[in-house]
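Student: Can you read through this structure? Questions will come right after.
The values are calculated or read from the model by the stated rules, or taken from the named source; none is laboratory data. As the structure is a prediction and not an experimental result, all values here were calculated from the model. Heads up, the Cβs are rebuilt from the backbone with ideal geometry, glycines too, and the neighbour counts pull from every protein chain shown.
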Amino acid sequence: QAQLVESGGGLVQPGGSLRLSCAASGSIFSINDMGWYRQAPGKERELVARMALSGRTNYADSVKGRFTISRDNAKNMVYLQMNSLKPEDTALYYCYASLRPTPSTWFSDHWGQGTQVTVSS
């Protein structure tokens, strides 16, 4: 069984910065994409940033230029550096990974428990 655990969330003032971390552990044969999604109250979960093994990235238009995703494949970790935070960035941020738990299983989507980011003065 694989687990994704996020950390680094918290309360920050507008214009501030936070760095989120996510560690994948447990039964992991291989990982393809890793990334971050978020869900604000009353809204659907949305893509924030995503990175493939190749390093190719996708960002939501709303965060492009402010957020940077990175990953350490050797450590099965993914990070999200968030700068110039805005109140509208307030949400529960979820770590995502497409991974293969064992050689006898195929890839499936896995999610962390979420870490709260609140941007407010």
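Student: Does GLY55 qualify as being among the small types (Gly, Ala, Ser) and more than 22 Å from GLN1 (Cα to Cα)? Outline the logic, then answer.
Tutor: Numbers: among the small types (Gly, Ala, Ser): yes; more than 22 Å from GLN1 (Cα to Cα): yes.
So GLY55 passes the test.
Student: Related question: Every residue in segment 87-121 that is surrounded by fewer than 18 Cβ atoms within 10 Å (Cβ to Cβ), among the hydrophobic types (A, V, I, L, M, F, W, C) and over 14 Å from ARG45 (Cβ atoms), please.
Tutor: Matches in segment 87-121: TRP106, PHE107.
Student: While we're looking at this one, here's another question. Looking at the structure I just gave you, is ALA49 touching a Gly at 6+ places or on another chain (Cβ under 9 Å), surrounded by 14 or more Cβ atoms within 10 Å (Cβ to Cβ), modelled with pLDDT of 95 or more and of a type in the set (A, V, I, L, M)? Give the derivation first.
Tutor: Values: touching a Gly at 6+ places or on another chain (Cβ under 9 Å): yes; surrounded by 14 or more Cβ atoms within 10 Å (Cβ to Cβ): yes; modelled with pLDDT of 95 or more: yes; of a type in the set (A, V, I, L, M): yes.
So ALA49 passes the test.
Student: Can you go through ALA24, ALA74 and tell me which one is in a helix (DSSP H, G or I) and farther than 13 Å from THR118 by Cα?
Tutor: Working: ALA24 fails: in a helix (DSSP H, G or I).
Testing whether each residue is in a helix (DSSP H, G or I) and farther than 13 Å from THR118 by Cα leaves just ALA74.
Student: Look at segment 92-121 and say how many of its residues are farther than 19 Å from ASN58 by Cα, outside any loop (DSSP other than H, G, I, E, B) and of a type in the set (Gly, Ala, Ser).
Tutor: 1
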